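What follows is one structure encoded as structure tokens, with my remarks underneath.
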């Protein structure tokens, strides 16, 4: 790996999927972040947190206290809402609802944006013009698995 630490930006759907299910790539990513591995840090956007909390309150309000406790254990860097100027610059390159996610990942200077929205991010992913890779949760696990295994062997 070129850097000592990888910074991964998690889209709302990855966090929600990882919280709801105890299996699958989104959950593995959350579990790895909880472990505090020395080469991996997580981030998400304030926009994403607002979206997650809105969905949890609407669909499963009893889960909100557990969600807040668990998200705190992830030690995610929360990227502040992007400026209107940053959002406007990205207009047309992705669905309007996803522009704040992309803008937050750019602002956060991440290495990966992990999203389950393949369709919504396909256009941005195809452009390959960002300083980070846009990947699915499974692709991200495949990329970092060798480093996870190395860490486990040295312990």
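The values are calculated or read from the model by the stated rules, or taken from the named source; none is laboratory data. Being a predicted model, the structure only gives us computed values, none of them experimental. Quick reminder, even Gly has a Cβ in these numbers, built from the backbone with ideal geometry, and neighbours come from all protein chains shown.
Points to keep in mind about this one:
- The listed residue being under 18 Å from residue 7 (Cβ atoms), out of contact with any helix residue (DSSP H, G or I) (no Cβ under 8 Å at 6 or more places or on another chain) and surrounded by 15 or more Cβ atoms within 10 Å (Cβ to Cβ), out of 148, 110: 110
The rows are residues; the columns are (1) in contact with a helix residue (DSSP H, G or I) (Cβ under 9 Å, 6 or more places away or on another chain); (2) surrounded by 13 or more Cβ atoms within 10 Å (Cβ to Cβ); (3) modelled with pLDDT of 95 or more.
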site: 10; (1), (2), (3): yes, yes, yes
site: 18; (1), (2), (3): yes, yes, no
site: 37; (1), (2), (3): yes, yes, no
site: 43; (1), (2), (3): yes, yes, yes
site: 49; (1), (2), (3): yes, yes, yes
site: 66; (1), (2), (3): yes, no, no
site: 79; (1), (2), (3): yes, yes, yes
site: 98; (1), (2), (3): yes, yes, no
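- Close contacts from the stretch 106-119, counting a first residue that is under 19 Å from residue 81 (Cα atoms) and a second that is assigned to a helix (DSSP H, G or I) and at pLDDT below 95, with Cβ to Cβ under 6 Å and a gap of 6+ residues or different chains, come to 115/121.
Residue-wise test of (1) within 16 Å of residue 12 (Cβ to Cβ); (2) surrounded by 14 or more Cβ atoms within 10 Å (Cβ to Cβ).
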| residue | (1), (2) |
| --- | --- |
| 75 | no, no |
| 94 | yes, yes |
| 102 | yes, yes |
| 106 | no, yes |
| 117 | yes, yes |
| 133 | no, yes |
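- Members of the stretch 113-155 that are in a loop (DSSP other than H, G, I, E, B) and under 13 Å from the mean Cα position of the chain (by Cα): 115, 116, 117, 132, 136
- Selection count, the stretch 113-135, where residues are under 20 Å from residue 19 (Cα atoms) and in contact with a strand residue (DSSP E or B) (Cβ under 7 Å, 6 or more places away or on another chain): 4
- When the criteria are applied in full, residue 91 meets the requirement of being under 20 Å from residue 47 (Cα atoms) and free of Cβ contacts under 8 Å to residues at least 24 places away in the same chain.
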